[in-house]
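The values are calculated or read from the model by the stated rules, or taken from the named source; none is laboratory data. This structure is a prediction, so every number in the text was calculated from the model and none was measured. Please note: Cβ atoms are built from the backbone with ideal geometry, for glycine as well, and neighbour counts cover all protein chains shown. The protein model used for the area step is the full one, side chains on, heavy atoms only, and it has no ligands, DNA or RNA in it. Shrake-Rupley method; radii C 1.70, N 1.55, O 1.52, S 1.80 Å.
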Amino acid sequence: MMPFLLKRIGTGAITLLLASIVVFAMLDVVPGDPARMMLGMNATEDAVQALREQMGLNQPLIMRYMSWLGGFLVGDLGRSYTYSVPVSQLVAERAVVSLPLALLALFLSTAIAIPVGLYSASHRGKAADTIAMGASQLGVAIPNFWFALLLVYVFAIALRLLPAGGFPGWTAGTWPALKALFLPAIALALPQAAILARVTRSALLDVLGEDFVRTARAKGLSRNTVLWRHALRNALIPVFTILGLQFSFLLAGTIIIENVFYLPGLGRLIFQAITQRDLIVVESVVMLLVATVIVVNLLVDLSYAAIDPRLRGT
Amino acid sequence: MSLLEIEKLCLSIHGKTILDRIDLSLNQGEVRALVGESGSGKSMTALAVMQLLPYGAMTTGNIRFDGRDLLHASEDEMCALRGDDIGMVFQEPMTALNPVKTIGEQVAEGIRLHAKVGRAVAEERARHILDRVGLPESRFPLTRYPHQLSGGQRQRVVIAMATALKPRLLIADEPTTALDVVLQAQILDLLRDLVHESRMGLLLISHDLAVVADMADQITILRAGTVVEDGETVRVLSEQLHPYTRQLALASTHVPEIRKPPASTIASANCEKPLLSVTNVVREYPGARIGLFGRAPSTRAVNGVSFSMHERQSIALVGRSGCGKSTLARMILALDKPTSGTIEFEGVNLVGKSEQELRPLRRHMQVVFQDPYGSFDPRQTVARVVAEPLHLLDEKLTVQERRDRVAEALSEVGLSGADLDKYPHEFSGGQRQRISIARALITRPKLIVADEPVSALDVSIRAQILDLLAFLNNRQGVAFLFITHDLSVARAITDRILVMHEGRIVETGDTSSVLDQPTSDEAKDLVHASPSLHRALKRRMQEQG
Amino acid sequence: MAPQPTIPETQSVMRRARGSKSFMIGLAITAIIAAAAALSFVWTPYDVTQISIGDKLKPPSLEHWFGTDHFGRDILSMIMVGARNSIAVALVAVGIGMGLGVPLGCWAAARGGWLDEALMRLNDVVFAFPALLSAIMITAIFGPGAVNAIIAIGIFNIPVFARVSRAGALALWPREFILAARASGKGKLMITAEHILPNIANLLLVQGTIQFALGILAEASLSYVGLGAQPPMPSWGRMLFEAQTMIAIAPHMAIFPGLAIVMTVLGLNLLGDGLSDLLDPKLRRQK
């Protein structure tokens, strides 16, 4: 196996481990006794103590961390204090909303941004480039939740084309479910697409200034052929880097957007859990989101090796 | 009719005139050199022929290739010509190839485009031309990526790309400037053979008269965008009718006049304690990681080097690129640590000393780097740049004293004290190298290590800097260790020479005797590959009778 | 050899600044918003704490330029006071990020080896927590409020500045002028102060405006979900949250605070773009 990949996978694993310690430690210092929370203020001290024992809260910190982490690795996230169901079940129910939303947004943003960036770079300085870059400058500045409000106003209230919020569930059929996710995905995707389009354009322009582009032109390749065959692949590294970063913004964005559209996703779950002080749910969802961010960035780094032979070693 | 005919070519970029009424012609099977110092417009002339000028360029005049008007050709017509009838080789082989495509893909791409053949046929032809340029498939399969090749090998790939379709015109823009002399000789031989084989016209752009004297039938000398002289190479360079031609020729063979009596220094050197003695120095770099725990064997950049030098001596450390000479220089300057061995300066071993313990030694040991652009902090004025080593003095200087010392150092290198508050970028390359020398001089060092101090400079400026260095060595008694790949520099200003090859010193001796009669194979290679204007002219005059 | 980029003196930067459209527009927008925020300390058209139900949900008019909200409060006045909050949160968060991130990045670059590796791993860990997520965690522990929002956004800024300054410093360390400084006996700390920091100041300034803009957006998101500034302190995000339920009958409640955010972020981004064009020698050389 190649040294770059091994090193990157190793550091990814270390990052995950450290992040899990941070999550566990931060929520362990939270004031308030979960056992007391579950049983209510009227419960006797004995009952609370018994529950603490049962939940393993009396064990030393390190043991609790180990068993939490061990459970996490096999998919056992513990039981929610308030819902009294396994957290994994709660998370799974909500993830079927959040994950498709994030992926749809990622797809939309890439599908819009890359062609715009390519077109702008190949028409540098022309009117189309100026307009696209002006629009993207504006797009970067728009907060996604405000954009969501405007979309709701225009498409749901004024035009009545799409639902203003709520989620019928996948059981109601793929089309109604997708329809409910469409506006939220647009609201998430457009500001990200604006950033991505700018990065794509500037990465391409950087590459087009390189010596090897001139060599390719001296071979008789036209400007556009060089852009497609030589520049694009070299420009992909900064583009993928931004895509990786965007995924983390998209995840955070879903938390907000789910609140605008009343979608029963992980974002809503985490807010409900905070108000109910259901810490094990907060802990699990945060850890899950952080792990996703780390894994996605690891995948992005690994994709560099596919793009650039210099990272593959010899 | 000539193959290439340039008439009254004028070029301006964003309104700034670059070329002014250039005339040039080149016949089938002929080599024409285009010579000039940096900024003379020689590369822009080449790019104008290729119609690959930068954004904002405006041209007037005529460029005819085989009777076709290139300045008014459409982009499609140019694409059909480039790489097929006109090939081009660039200066910098390290960046001229796409890092994410194999050499096979890159060579075959042009063949597929112009010859309209399938992938298999194009690859077969790519294999053939790569073999022809000295990259046989057995050792360099088509699936190699550029980063797996050395600079010289990459330049061969670029040449393969440019000549794959046997163009009638080949333009080579400083094709060997980034390579060491041995590689330069090999690449020039290759170009000469390829051009001869298929009767190409070659437009060879160079700053080096010695290279040109060896290669070119015709020569055009450019200066600040205008043609100064043109004609048959041997005649132009031997008669030197135009004062600028004469100036260039003199500067490129320049030897400073101030020479010390060699006998006395060598005699006194023998009895004195050495200023610097390097004993069995080794510098190892760990190999690349292989797998989880394994490592490739470590490489020895410097492998058991010993030598010593005395006060007032001037020594050249020469060798091909990558031979370890710069690594050795850094260890002598205590900027890098040897893996083993000792380096004694003024009788004190530098190895293992703390920065604090090194302070009194550093005062007597300074450095001049190659790049007159990169060796200054762009945000500091000349006064601050030059004053930096004063940090090594024990006494605390007042602001006025510092300025006085800086002004003194500047005047020693021929600059005015009025330049104190300017920024380095306000000076020309040669002036910057003077500032760099002033910085090295300000603590009155006994040794200056100069890493390729003139190789980034134009010939006329180079000659002035060599004079200055010779003056400092002979009149002020500063010892110099010159790191260089250029034997003419070594011959011009040093008494002794060390020839380094693959981390070892393979030959030492008096500079003139080693250069005139090298004994080791490595030194012979270097000497024979080094271009020399006199030798080239003599050889060609004999050939012509 | 290609000439190395050089940095001209201050005068010519000022002269070129006046010629740069994006820099001037960005500067103007940013200045107007900062001025409005400063003015709100001494004067606003109406008192933002005064509830007057009789004036509620009025559309924009001559008396209330941006209309009124569901409590009859003047939206322009609330936007002016809210600007104060947004700017303060984003500015302090950038300060935290720079104050801790830049020294860490410079230290990692100067020392190298295992320390660099360890600091960068820590960076990765912090980076894995999107600002909003760490804000949620922090508020889950310490409760919502402007100070916690600042901390959450500030923590997220640390690795950003650490990465930028480390990358900038690593590119400088092998340069010949740094070697010359080392040959002059200067230590790593001194070289960092005299050569590294002045040469990465451009990068940091540009990154600073970008993070400032992102901070404004993050603060708005946090207060939108109720984790930022608490009532009665007006904040842009909170105004949008309140506008959400009224969107069908009073869209102006949503439009103006949103425009305030967009203009501020746009202004800062233009300023950052202009600065990087003005200060980045590489870009300038291409022109």
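Which of the following residues is under 17 Å from residue B:388 (Cα atoms) and not basic (Lys, Arg): C:189, C:222, C:217, C:205?
C:189
Name the single residue that is farthest from residue B:153 (Cα to Cα) among those in the stretch B:109-118 being surrounded by fewer than 23 Cβ atoms within 10 Å (Cβ to Cβ) and within 14 Å of chain A (Cβ to nearest Cβ). Please lay out each step first, then the result.
Step one: filter the stretch B:109-118 for residues surrounded by fewer than 23 Cβ atoms within 10 Å (Cβ to Cβ), giving B:112-118.
This time we only want the ones that are within 14 Å of chain A (Cβ to nearest Cβ), so: B:112-116.
Details: B:112: 23, B:113: 24, B:114: 25, B:115: 25, B:116: 27 Å.
Of everything passing the filter in the stretch B:109-118, B:116 is farthest from residue B:153 (Cα to Cα).
Name the single residue that is surrounded by the fewest Cβ atoms within 10 Å (Cβ to Cβ) among those in the stretch B:20-59 being more than 27 Å from residue A:221 (Cβ to Cβ) and polar (S, T, N, Q).
The selected residue is B:38.
Could you please give the count of residues in the stretch A:161-180 that are surrounded by fewer than 21 Cβ atoms within 10 Å (Cβ to Cβ), of a type in the set (A, V, I, L, M, F, W, C) and either in contact (Cβ under 8 Å) with a residue 40 or more places away in the chain or in a helix (DSSP H, G or I) (or both)?
Of the residues in the stretch A:161-180, 6 are surrounded by fewer than 21 Cβ atoms within 10 Å (Cβ to Cβ), of a type in the set (A, V, I, L, M, F, W, C) and either in contact (Cβ under 8 Å) with a residue 40 or more places away in the chain or in a helix (DSSP H, G or I) (or both).
Restricting the search to the stretch B:306-324, which residues are open to solvent by less than 20 Å² (accessible area, probe 1.4 Å) and not in a strand (DSSP E or B)?
Listed by number, the residues that qualify are B:323, B:324.
Report whether or not residue B:390 is within 14 Å of chain C (Cβ to nearest Cβ), in contact (Cβ under 8 Å) with a residue 24 or more places away in the chain and closer than 19 Å to residue C:195 by Cβ.
Against the criterion (within 14 Å of chain C (Cβ to nearest Cβ), in contact (Cβ under 8 Å) with a residue 24 or more places away in the chain and closer than 19 Å to residue C:195 by Cβ), residue B:390 qualifies.
Of everything in the stretch B:306-357, what is without any contact (Cβ under 8 Å) to a residue 24 or more places away in the chain and within 22 Å of residue B:492 (Cβ to Cβ)? Give them in sequence order.
If the condition is that a residue be without any contact (Cβ under 8 Å) to a residue 24 or more places away in the chain and within 22 Å of residue B:492 (Cβ to Cβ), then no residue fits.
How many residues does the stretch B:386-427 contain that are in contact with a helix residue (DSSP H, G or I) (Cβ under 9 Å, 6 or more places away or on another chain) and closer than 10 Å to residue B:442 by Cβ?
Total satisfying the criteria: 13.
Pick out, from the stretch B:433-529, the helices (runs of 4 or more DSSP H) lying fully within it that include 1 or more residues that are without any contact (Cβ under 8 Å) to a residue 60 or more places away in the chain and touching a Ser or Thr at 6+ places or on another chain (Cβ under 9 Å). I'd like the intermediate steps shown before the answer.
Working: elements: B:459-475, B:487-493, B:511-516, B:521-529.
Here the list reads B:459-475, B:511-516.
Is it the case that some residue within the stretch B:28-49 is more than 27 Å from the chain's Cα centre (by Cα) and among the charged types (D, E, K, R)?
Here is the first cut: in the stretch B:28-49, the ones more than 27 Å from the chain's Cα centre (by Cα) are B:28-29.
When the remaining residues are screened for being among the charged types (D, E, K, R), the result is none.
No, there is no match, as no residue in the stretch B:28-49 is more than 27 Å from the chain's Cα centre (by Cα) and among the charged types (D, E, K, R).
May I ask you to list the residues in the stretch B:171-204 that are charged (D, E, K, R) and either part of a helix (DSSP H, G or I) or free of Cβ contacts under 8 Å to residues at least 40 places away in the same chain (or both)? Walk me through how you get there before you give the answer.
The first filter runs over the stretch B:171-204 and keeps only residues charged (D, E, K, R), leaving B:173-174, B:180, B:189, B:192-193, B:197, B:199.
Those that are charged (D, E, K, R) and either part of a helix (DSSP H, G or I) or free of Cβ contacts under 8 Å to residues at least 40 places away in the same chain (or both): B:189, B:192, B:193, B:197.
Could you check residue B:38 against (1) hydroxyl-bearing (Ser, Thr, Tyr); (2) over 24 Å from residue B:219 (Cβ atoms); (3) in a loop (DSSP other than H, G, I, E, B) and say which number it fails?
(2)
Identify all residues within the stretch C:46-68 that are out of contact with any His (no Cβ under 7 Å at 6 or more places or on another chain), in contact (Cβ under 8 Å) with a residue 24 or more places away in the chain and open to solvent by less than 50 Å² (accessible area, probe 1.4 Å); write none if there are none.
C:48
If you take the residues in the stretch C:146-196 that are among the basic types (Lys, Arg) and in a helix (DSSP H, G or I), which one is nearest to residue C:96 (Cα to Cα)?
Taking the stretch C:146-196 and keeping what is among the basic types (Lys, Arg), we get C:163, C:166, C:175, C:182, C:186, C:188.
From what's left, in a helix (DSSP H, G or I): C:163, C:166, C:182, C:188.
Numbers: C:163: 15, C:166: 17, C:182: 31, C:188: 24 Å.
Among those residues, the one meeting the criterion is C:163.
I need the full set of residues from the stretch A:144-157 which are open to solvent by less than 70 Å² (accessible area, probe 1.4 Å), within 9 Å of another protein chain (Cβ to nearest Cβ) and free of Cβ contacts under 8 Å to residues at least 24 places away in the same chain, in order please.
Selection gives A:146, A:150, A:157.
Taking the stretch B:149-186 as the search range and keeping residues that are under 26 Å from residue B:209 (Cβ atoms) and hydroxyl-bearing (Ser, Thr, Tyr), which one is surrounded by the most Cβ atoms within 10 Å (Cβ to Cβ)?
B:176
Could you give every pair whose Cβ atoms fall below 7 Å, whose first residue belongs to the stretch A:79-98 and is under 11 Å from residue A:281 (Cα atoms), and whose second residue is open to solvent by 40 Å² or more (accessible area, probe 1.4 Å) and aromatic (Phe, Trp, Tyr), counting only separations of at least 6 or pairs across chains?
A:90/A:83
Restricting the first residue to the stretch C:255-270 and requiring it to be in contact (Cβ under 8 Å) with a residue 12 or more places away in the chain and over 10 Å from residue A:146 (Cβ atoms), which pairs with a second residue that is open to solvent by 20 Å² or more (accessible area, probe 1.4 Å) and aromatic (Phe, Trp, Tyr) meet a Cβ separation below 8 Å and a spacing of at least six or different chains?
C:256/C:66; C:268/C:212; C:270/C:23
Take residue C:227 and decide whether it is open to solvent by 10 Å² or more (accessible area, probe 1.4 Å), within 19 Å of the chain's Cα centre (by Cα) and either closer than 15 Å to residue C:259 by Cβ or modelled with pLDDT of 90 or more (or both).
Working: open to solvent by 10 Å² or more (accessible area, probe 1.4 Å): yes; within 19 Å of the chain's Cα centre (by Cα): yes; either closer than 15 Å to residue C:259 by Cβ or modelled with pLDDT of 90 or more (or both): no.
In short, no.
Return a yes/no flag: does the stretch B:133-143 have any residue that is aliphatic (A, V, I, L, M), away from chain A (no Cβ under 14 Å) and within 21 Å of residue B:202 (Cα to Cα).
Of the stretch B:133-143, the ones aliphatic (A, V, I, L, M) are B:133, B:135, B:142.
With the extra rule that they be away from chain A (no Cβ under 14 Å), the set shrinks to B:133, B:135.
Cutting the leftovers down to within 21 Å of residue B:202 (Cα to Cα) gives us B:133.
Scanning the stretch B:133-143, I find at least one residue that is aliphatic (A, V, I, L, M), away from chain A (no Cβ under 14 Å) and within 21 Å of residue B:202 (Cα to Cα), so the answer is yes.
Restrict the check to the stretch A:126-143 and report whether at least one residue is without any contact (Cβ under 8 Å) to a residue 24 or more places away in the chain, open to solvent by 10 Å² or more (accessible area, probe 1.4 Å) and among the hydroxyl-bearing types (Ser, Thr, Tyr).
Within the stretch A:126-143, one or more residues are without any contact (Cβ under 8 Å) to a residue 24 or more places away in the chain, open to solvent by 10 Å² or more (accessible area, probe 1.4 Å) and among the hydroxyl-bearing types (Ser, Thr, Tyr).
Yes/no per residue for (1) more than 14 Å from chain A (Cβ to nearest Cβ); (2) modelled with pLDDT of 85 or more:
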| site | (1), (2) |
| --- | --- |
| C:78 | yes, yes |
| C:93 | yes, yes |
| C:103 | yes, yes |
| C:110 | yes, yes |
| C:125 | no, yes |
| C:141 | no, no |
| C:147 | yes, yes |
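Any chance you could count how many residues in the stretch B:216-227 are open to solvent by less than 30 Å² (accessible area, probe 1.4 Å) and either modelled with pLDDT of 95 or more or aliphatic (A, V, I, L, M) (or both)?
Residues of the stretch B:216-227 that are open to solvent by less than 30 Å² (accessible area, probe 1.4 Å), as a first pass: B:216, B:219-222, B:225.
With either modelled with pLDDT of 95 or more or aliphatic (A, V, I, L, M) (or both) added as a condition, the list becomes B:216, B:219-222.
Residues in the stretch B:216-227 being open to solvent by less than 30 Å² (accessible area, probe 1.4 Å) and either modelled with pLDDT of 95 or more or aliphatic (A, V, I, L, M) (or both): 5 in total.
Give me the pairs: first residue in the stretch C:174-186 and closer than 17 Å to residue B:327 by Cα, second residue open to solvent by 40 Å² or more (accessible area, probe 1.4 Å) and modelled with pLDDT under 90, beta-carbon distance under 8 Å, and six or more apart or on different chains, which are they?
C:176/B:370
Step by step: first the residues of the stretch B:346-387, then only those that are part of a helix (DSSP H, G or I), of a type in the set (D, E, K, R) and open to solvent by 10 Å² or more (accessible area, probe 1.4 Å), then the one that is farthest from the other protein chains (Cβ to nearest Cβ). Which residue is that? Reasoning before the result, please.
Going through the stretch B:346-387, the residues part of a helix (DSSP H, G or I) turn out to be B:355-362, B:382-387.
Subsequent filtering for residues that are of a type in the set (D, E, K, R) retains B:355, B:357, B:359, B:362, B:384.
Now drop any that are not open to solvent by 10 Å² or more (accessible area, probe 1.4 Å), which leaves B:355, B:357, B:359, B:384.
Numbers: B:355: 6, B:357: 11, B:359: 5, B:384: 9 Å.
Filtering first and then ranking leaves B:357.
Just checking, how many residues over the stretch A:252-309 are polar (S, T, N, Q) and crowded, with 20+ Cβ neighbours inside 10 Å?
Restricting attention to the stretch A:252-309, the residues satisfying the condition of being polar (S, T, N, Q) are A:254, A:259, A:272, A:275-276, A:284, A:292, A:297, A:303.
Still in the list and also crowded, with 20+ Cβ neighbours inside 10 Å: A:254, A:259, A:284, A:297.
Final tally of qualifying residues: 4.
Need at least 3 residues that are within 20 Å of residue C:131 (Cα to Cα) and within 11 Å of another protein chain (Cβ to nearest Cβ) per element, so show me which helices (runs of 4 or more DSSP H) inside the stretch C:199-287 make the cut, counting only ones lying wholly within it.
Values: elements: C:236-244, C:252-279, C:281-286.
Output list reads C:236-244, C:252-279.
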